[in-house]
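Below: the structure, in structure tokens.
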Amino acid sequence: MKLHEYQARQILADAGVPVPGGIAADNAAQAKAAYEKLAADGATLAVVKAQVHAGGRGKAGGVKLVRSADEAFAAADGMMGKPLVTHQTGPEGVQVNKVLVAAGVDIAKEYYLSITLDRATSRPVMIASSEGGVEIEKVAEENPDAIIRQHIHPIAGLQGHQARTVAFKLGFTGKQIGQAVKIMMKLADLFTKLDADMVEINPLIVTPPDADNPDGKVLAIDAKVTFDDNALFRHKDLEAMNDTSETPAAEIKAHEFGLSYIKLDGNIGCLVNGAGLAMSTMDIIKLHGGEPANFLDVGGSASEEAVTEAFRIILSDSNVKGVLVNIFGGIMQCDKIARAIVAAASNVGFEVPLVVRLEGTNVEPAREIIDAAKADIPVMQVADDLTDAAKKITDAVTAAA
């Protein structure tokens, strides 16, 4: 699950990470009022930022520096209700429904700081760079030596000496070091407590020195947080922050029924149990000249109702010209899938070719159910194995084109 920047900044602020003031706005009038409130608190300029789940907002016109309430109104009005197209959204863009009006700060130096999971070592890793404010992927490609990695013990957590070492490597000096270390420690604590996939500050900045802060202040002026969906049952408050306005309706419906569904660009719908088998199914479809239209994993404990809904979701995609069912029954019983196929034929209807491959638990009763339903589902074929299934569905879709 992803959060918007204004939500991520609030989580960091609540944890004690220094973050400049910011107010979310649902329309241009609220953005104007937000600027006025920030100005009353001492801000002399602000940044209006489109709140979408995509990077590259600045280059796409989704970040505007403003110096008055009227400019804040105009900037928000120019973004709200319009699609923002970045390198991460695709050509259709994402509609902007909310903006963040954040107090502007003077910047002396920008850094990058994040914590994510290193799957190679099965440990959290802190990633830092003295080249902040730009895409970290670009830094890693063009100047890999600028990337600092510090692995974190999964039980002991980030140690103070580790954070200080990273701070020194980044080039912090004087009182900046203590400030940076505190932020790193709090970020590591958040990562663990919230079951996060990633917590990121880009940029982490140092302000110019002044009378009160001769070494400047270390601040987080942008934040990104994503969570492990499988752990959200432990964080109902975070789950309530989920903005589904950018999520396709089919994915929302799939989530309601406990299904894992991702729409793809092909024309062969896939209904499979198990993520690994689903990936293999898509690979073999492509091997035989087809293009998968989705990833859909019904899991091992889906109900007949959920499996029927899976068919409904697949067939709601107008690009789908055929459906391949590939079930290897373990916990998931083949006869449950067979009954769901019959129910879907009655409730949803199959007007495109359907190929069914079943193996495993209760496969014989399942085959009896399928054989009995053949007359009522004329578009259905039964496959002997996965290769046979992939060939049959690609041939059927090609023939129907």
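Please treat every number below as a calculation from the coordinates, not as lab data. Since this is a predicted model, take the numbers as computed values, not measurements. Neighbour counts run over all protein chains shown; Cβ positions are idealised from the backbone, glycine included.
Of all lysines in the structure, those lying under 21 Å Cα to Cα from LYS37, and not within fewer than 8 positions of it along the same chain, are LYS49, LYS64, LYS98. The helix-based estimate of mean residue ellipticity at 222 nm for the chain, built from -39,500 (n - 2.57) per DSSP H run of four or more residues and divided by its residue count, is -11500 deg cm²/dmol to the nearest 500.
For the range 225-274, the C-alpha radius of gyration divided by 2.2 N^0.38 Å, with N the number of residues, is 1.34. Computed on the range 249-400, with alpha-carbon pairs under 8 angstrom and 6+ residues apart, the relative contact order is 24 percent. What translational diffusion coefficient, to the nearest whole µm²/s, does the range 69-162 have by Stokes-Einstein, given a Kirkwood radius computed over alpha-carbon pairs, a temperature of 10 °C and 1.306 mPa s viscosity? Taking Rh from Cα pairs, D becomes 94 µm²/s.
When a/c reaches 1.5 or more, the comparison of a/b and b/c decides; with that in mind, is the range 170-321 rounded, prolate or oblate per its Cα gyration tensor? Prolate shape, in that a/c is at least 1.5 and a/b is the bigger ratio. Rounded to the nearest angstrom and listed largest first, the equivalent-ellipsoid semi-axes of the range 249-400 from its Cα gyration tensor are 19, 18, 15.
Among the GluC sites (Glu not before Pro) in the range 1-92, those located in a DSSP loop and surrounded by at most 11 other Cβ atoms within 10 Å of their own Cβ are GLU92. Across the alpha-carbon set of the chain, the Rg to Rh ratio works out to 1.07, Rh being the Kirkwood radius. Taking every full run of DSSP H in the chain, the ones that stretch at least 27 Å from end to end by Cα along their long axis and average -0.5 or higher on the Kyte-Doolittle scale are 175-193.
Using a cutoff of 8 angstrom between alpha carbon atoms and counting only pairs six or more residues apart, the relative contact order for the range 272-359 works out to 32 percent. With contacts taken as Cα pairs under 8 Å and at least 6 residues apart, the chain reaches a relative contact order of 12 percent.
Looking at the chain, the DSSP beta bridges with both ends there are about 75 percent antiparallel.
Loop-located trypsin sites (Lys or Arg not before Pro) in the range 297-401 (DSSP state not H, G, I, E or B) with no more than 13 neighbouring Cβ atoms inside 10 Å: LYS374. Once you divide the Cα radius of gyration of the range 21-104 by 2.2 N^0.38 Å, the number left is 1.02. Charge dipole (Cα centre; +1 on Lys/Arg Cβ, -1 on Asp/Glu Cβ; no other charges) of the chain amounts to roughly 880 debye. Computed from the Cβ-Cβ distance with R0 of 25 Å, the FRET efficiency linking ILE107 to ASP189 stands at 0.45. A simple spin-label model places pseudo-atoms 7 Å from Cα toward Cβ; at ALA29 and ALA211 they are separated by 4.2 nm. Rounded to the nearest 0.05, the FRET efficiency derived from the C-beta distance between ILE252 and ALA400 at R0 = 25 Å is 0.25. Calculated FRET efficiency, ASN319 to THR165, Cβ-Cβ distance, R0 = 56 Å: about 0.60 to the nearest 0.05.
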